[in-house]
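No lab work stands behind these numbers, since they all come straight from the coordinates. Keep in mind that this is a model prediction, so the values were computed, not measured. Neighbour counts run over all protein chains shown; Cβ positions are idealised from the backbone, glycine included.
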């Protein structure tokens, strides 16, 4: 006999451990009066979305020539 921990997510039973059972193997499910604390859903963002928090729209006009200016400042006007 094997005991596993899990929870009911509102639709199905989810285990917190890997099940080592075979197809059609009988299970005994015991429902406890204890509850798991729900973790807030993490919002998944792309790198662009994360970095947009630090964007400064007043600098956008300077970005167009930033590379040319950096090269000129470093190597001179050759």
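So how do 30, 15 line up by other beta-carbon neighbours within 10 Å, fewest first? Show your work: numbers first, answer last.
Working: 30 5, 15 11.
Least to most surrounded, the residues fall as 30, 15.
Within the P(r) computed for the chain, what percentage of the Cα pairs occupies the region above 13 Å?
Details: 2461 of 3003 pairs.
Tail of P(r) above 13 Å: 82 percent of Cα pairs.
Expressed as an acute angle from 0 to 90° and rounded to the nearest 10, what is the orientation of the C-alpha long axis of helix 66-75 relative to the principal long axis of the chain?
Taking Cα atoms only, the helix is inclined about 60 degrees.
Between residue 13 and residue 77, how many nm apart are label points set 7 Å from Cα along the C-beta direction?
Simple spin-label model gives 7.9 nm for this pair.
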